């Protein structure tokens with residue numbers, strides 16, 4: 001049986017409207033004074049009652065079209081049975097029958113077969129055949145003679161079967177075609193949505209321009225690269241005059257200017273590329289805006305990857321002779337015949353071996369990129385335990401290190417080992433550089449929530465001189481350092497470890513002096529595989 005969704009309200013409405021027309025015709029045949037001259041009514045009371053009752057029921061079905069859709073097969077079946085009974089009674093009430101009534105009933109049988117399954121359609125065709133044949137059979141029983149209408153009724157019955165079979169077959173094909181069209185339409189809609197999403201999220205800017213230089217479509221990247229114009233501004237010449245000039249030059253000469261250009265203030269430089277929508281279509285042009293900063297970043301990433309592999313290979317080769325030098329220096333320091341000047345030289349050798357070993361370890365750690373194993377932790381308890389562990393492992397002297405926690409539980413998903421390395425590095429930097437000249441370092445590890453609903457934050461704050469804005473923009477770049485003894489890999493490795501645990505590390509200036517390195521963690525209860533947004 002068909003579901004209510006297979007039959008539209010419009011189809012049922014017109015079917016019930018046709019039924020209403022049949023009721024009006026039946027009433028006109030038995031009630032209208034104009035029909036007396038050419039229609040003879042042998043049973044006027046039966047005809048009038050049938051016509052009026054059928055007209056009322058047809059009007060009720062027309063009004064309740066929406067209700068019929070809830071149980072479509074049963075509703076149409078009983079409505080067709082009512083049509084057949086009413087037609088049979090009207091034929092019986094009219095003396096000698098009337099050929100127009102069985103013809104009108106063909107429409108009911110055909111439409112019912114279009115909307116119902118095959119077996120139910122054939123069954124109702126048989127009922128219709130019996131309905132138009134029964135008045136002639138009753139006349140034969142009463143008067144003992146066969147009318148010419150008996151043969152016509154039999155032919156009408158055969159026609160009902162033929163119409164029901166043909167319409168049922170057509171109805172099945174229509175439903176299959178409609179289902180296929182709906183599926184194809186859904187597939188096309190999904191494909192269009194995917195294409196729109198891909199184009200909208202592309203890093204390359206994409207614009208579609210017509211022959212009048214009007215922007216028809218534009219993605220987010222292109223909108224940013226041309227200076228975030230108003231959505232109402234669609235004239236390319238007014239939005240980006242240089243891009244419009246290059247498009248005009250390309251349309252007339254076929255040559256593309258490859259010089260990078262900034263299409264608005266405070267936006268990256270781009271290299272425009274042009275392409276026609278079709279080989280012979282000059283009216284619609286696709287414009288691609290390649291961000292030169294992205295190209296430079298990709299080249300830099302490839303260079304860093306190659307440099308990392310080379311550095312790791314060199315570090316492995318340096319490690320063994322470095323260990324031999326340090327071991328020899330330690331043995332030499334144990335000699336009783338060394339002078340104070342020689343001992344000072346040995347200390348210099350050991351100190352530089354330690355520094356060189358830190359460089360080797362950082363480079364090897366950069367090349368390993370150990371896989372993150374996040375787990376749920378209580379950030380408050382972790383911060384307190386970290387501070388105690390750091391104090392036990394390092395002699396702080398006059399420097400101060402403490403933890404600030406919240407009264408509520410703060411849970412986060414992170415790799416504890418990676419977090420330990422990151423915060424340890426940040427605290428060491430804060431104690432080393434986050435102090436005013438001649439004063440002790442004051443470092444705080446803060447565990448809190450960005451808002452009442454998160455995300456969890458872990459901050460390392462000092463009260464030192466802070467970091468200048470120009471330097472702060474580069475502190476997370478690999479090999480960038482302001483110290484003569486630094487490698488420039490500490491903060492870069494810390495940021496990489498945070499990102500591996502779906503966290504983020506950022507520098508936040510502190511009002512009144514000082515520096516804050518903020519780690520935004522993923523909440524344990526809402527981790528869904530997406531990287532959390534950094535809280536400012």
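Tabulated values for the structure
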read-out	value
Failed condition for residue 391, given (1) closer than 16 Å to residue 524 by Cβ; (2) in contact with a strand residue (DSSP E or B) (Cβ under 9 Å, 6 or more places away or on another chain); (3) surrounded by fewer than 15 Cβ atoms within 10 Å (Cβ to Cβ)	(1)
Any hit, segment 55-63, residues being crowded, with 19+ Cβ neighbours inside 10 Å, in contact with a helix residue (DSSP H, G or I) (Cβ under 8 Å, 6 or more places away or on another chain) and part of a loop (DSSP other than H, G, I, E, B)	no
Failed item in (1) modelled with pLDDT of 75 or more; (2) surrounded by fewer than 21 Cβ atoms within 10 Å (Cβ to Cβ), with residue 73 passing the rest	(1)
Residue match in segment 185-199 (condition: over 30 Å from residue 87 (Cβ atoms) and surrounded by 15 or more Cβ atoms within 10 Å (Cβ to Cβ))	yes
Any pair with Cβ under 7 angstrom, 6 or more apart, that starts in segment 370-392 at a residue that is farther than 26 Å from residue 431 by Cβ and ends at one that is at pLDDT 90 or above and exposed (fewer than 14 other Cβ atoms within 10 Å of the Cβ)	none
Where residue 98 falls short, out of the listed (1) assigned to a helix (DSSP H, G or I); (2) modelled with pLDDT under 85	(1)
Candidates 202, 174, filtered to the one that is surrounded by 10 or more Cβ atoms within 10 Å (Cβ to Cβ) and in contact (Cβ under 8 Å) with a residue 24 or more places away in the chain	174
Residue, modelled with the lowest pLDDT, within segment 1-42, restricted to residues that are crowded, with 16+ Cβ neighbours inside 10 Å and assigned to a loop (DSSP other than H, G, I, E, B)	7
Yes/no for residue 322 being in a helix (DSSP H, G or I), modelled with pLDDT under 80, surrounded by 14 or more Cβ atoms within 10 Å (Cβ to Cβ) and outside the structural domain of residue 489 (by TED's automatic domain parsing)	yes
Checking residue 489 against (1) in contact with a strand residue (DSSP E or B) (Cβ under 7 Å, 6 or more places away or on another chain); (2) at pLDDT below 75; (3) buried (at least 17 other Cβ atoms within 10 Å of the Cβ), the condition it does not meet	(1)
Count of segment 271-297 residues which are at pLDDT 85 or above and more than 18 Å from residue 215 (Cα to Cα)	1
Residue 222 being in contact (Cβ under 8 Å) with a residue 40 or more places away in the chain, in contact with a strand residue (DSSP E or B) (Cβ under 9 Å, 6 or more places away or on another chain) and closer than 22 Å to residue 200 by Cα	yes
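Every residue, every condition in (1) surrounded by fewer than 10 Cβ atoms within 10 Å (Cβ to Cβ); (2) modelled with pLDDT of 85 or more; (3) out of contact with any strand residue (DSSP E or B) (no Cβ under 7 Å at 6 or more places or on another chain), yes or no:
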site: 160; (1), (2), (3): no, yes, yes
site: 178; (1), (2), (3): no, no, yes
site: 182; (1), (2), (3): no, no, yes
site: 210; (1), (2), (3): no, yes, no
site: 214; (1), (2), (3): no, yes, no
site: 234; (1), (2), (3): no, yes, no
site: 243; (1), (2), (3): no, yes, no
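The values are calculated or read from the model by the stated rules, or taken from the named source; none is laboratory data. As the structure is a prediction and not an experimental result, all values here were calculated from the model. All Cβ positions, even for glycine, are placed from backbone atoms using ideal geometry, and neighbour counts span all protein chains on display.
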